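The structure appears right after this line, and notes come after that.
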Amino acid sequence: MVEYDTDDVDTLRHRLHETTSQLEAAAHMGLELAQHNTRLQQRVDTLESTHDDLRQRMSAVERDRRWMHEQSLRVDQMRVSVTDLLARDDATRTRLTTTDRHNTELNMR
């Protein structure tokens, strides 16, 4: 039978206890890191979803902006057309008024 020095056994027990404590602390830290990683992954997933939603909303806004711009151009074209029609109407009225005056003057003679 092998005899061990009591001091050596106590030292080995103390080292075993310290090593076990360090291993438990490392395992606990690893578990905390895994939980933190899970929370971060959930945040990343949420941010990616929000990013996709914002991208879709921005696309809709851009589509609406282009439509509004096209409508604005149509309004401008209509305004020009109406202005042209009014100018022609004024010219026609002026010509008719001048012709009527001229005819009236001729008839008075």
Please go through segment 33-80 and give me each residue that is open to solvent by less than 90 Å² (accessible area, probe 1.4 Å), over 27 Å from the mean Cα position of the chain (by Cα) and of a type in the set (D, E, K, R), ordered by number. 76
Could you tell me whether residue 66 is modelled with pLDDT under 85 and on the phi < 0 side of the Ramachandran plot? no
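The values are calculated or read from the model by the stated rules, or taken from the named source; none is laboratory data. Computed from a prediction, not measured in an experiment: that's the story for all the values here. Side chains are part of the model used for accessible areas, which takes the heavy atoms of the whole protein and leaves out ligands, DNA and RNA. Shrake-Rupley method; radii C 1.70, N 1.55, O 1.52, S 1.80 Å.
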